[in-house]
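> Structure in structure tokens, see below.
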Amino acid sequence: MTPTVIVAPGMRRLAVVLWGIAVVLVPLALVGGGSPWLVPVPSCFIALVAWAVFWRPRFECTPDHLRIVDVRRTSTYDWRRVTEIRTKYGIEVVTSEGVRRTWLATRPTARLGETSGRPGGTTPLDVDAAARRMRTFVPAPVEQIGPPPATVVPARIAHRAHGWSVTGMVVLGVAASMAAAQL
């Protein structure tokens, strides 16, 4: 099975628009005669929010694991821990830890896309098609015949918080508010 990366192309287009706005704000603020030290702060805030909230979220499906990259954290699940992928309220991943709702597809009508390594962008997908692609990686339940095995290979679940990006958004947001108050 080839790895699959599912993204939201509309959110990524919005990120590019926000990056353009962040770039345009710098010369506008400099021409406006404001403090040159306060000019890049709102632009950096907009650029960081665009990257963290609109560009970065994705599903990465490899033969070994499912990686869900959201705004606040990245979660990696071995496929043996994934029991179901539901589409009632968007894409929900059911694992041995419980139900994980995702930032990328919060509603059943979300427009998604599959990216590939080749040029040409993304292949459009709806939520059901994206869930079907993800379900192809979920292994069938294994029936145990006889006693349990002597050795057990752990199926990991790992969560990594995006603390630096969330902290950066808060700090830059406060600094951008202070810069706006001085203009």
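The values are calculated or read from the model by the stated rules, or taken from the named source; none is laboratory data. All values derive from a computational prediction rather than experimental measurement. Cβ coordinates were reconstructed from backbone atoms using ideal geometry, including for glycine residues, and neighbour counts include every protein chain displayed. The area values use the complete protein model at the heavy-atom level, side chains included, leaving out ligands, DNA and RNA. Shrake-Rupley method; radii C 1.70, N 1.55, O 1.52, S 1.80 Å.
> Could you work out the helix-only [θ] at 222 nm for the chain, with each DSSP H run of four or more residues adding -39,500 (n - 2.57) and the total divided by the number of residues, to the nearest 500 deg cm²/dmol?
Computed mean residue ellipticity for the chain: -11000 deg cm²/dmol.
> OK, next. Add +1 for every Lys or Arg and -1 for every Asp or Glu among the other residues with Cβ under 9 Å from the Cβ of residue 122, and state the total.
The answer is 0.
> Sum up the charges of everything whose Cβ sits under 14 Å from the Cβ of residue 97, counting Lys and Arg as +1 and Asp and Glu as -1, but leave residue 97 out.
+3
> Here's a follow-up. Could you list the GluC sites (Glu not before Pro) in region 85-171 that lie in coil according to DSSP, counting only those with at most 16 other Cβ atoms within 10 Å of their Cβ?
97, 143
> Among 145, 68, what's the order by accessible area (1.4 angstrom probe), most exposed first?
145, 68
> Now for a separate question. Students often get this wrong: which residues of region 61-89 have the backbone nitrogen under 16 Å from the point 7 angstrom along Cα-to-C-beta of residue 159?
From region 61-89, the list is 67-78, 82.
> Using the per-residue mean of other Cβ atoms lying within 10 Å as a proxy for protection, in what order, highest first, do the peptides 51-61, 21-31 fall?
Peptide ranking by packing, descending: 51-61, 21-31.
> Right, next: Would you please calculate the Kirkwood hydrodynamic radius of the chain over all C-alpha pairs and express it in Å, rounded to one decimal?
Computed over Cα pairs of the chain, the Kirkwood hydrodynamic radius comes out at 18.7 Å.
> Alpha carbons only, please: Rg and Dmax for region 98-172, in angstrom.
Final numbers for Rg and Dmax: 18.9, 59 Å.
> Can you give me the angle between helix 40-49 and the longest principal axis of the chain, using Cα atoms only, in degrees from 0 to 90, rounded to the nearest 10?
Taking the Cα atoms of the chain, the angle to 40-49 is about 20 degrees.
> Let me ask another. Would you mind pulling out the separation of the Cα centroids of region 39-87 and region 122-183, in Å?
Measuring centre to centre over Cα atoms gives 5 Å.
> Treat every Asp and Glu Cβ in the chain as -1 and every Lys and Arg Cβ as +1, leave all other atoms uncharged, and give the resulting dipole magnitude about the Cα centre to the nearest 20 debye.
It works out to roughly 120 debye.
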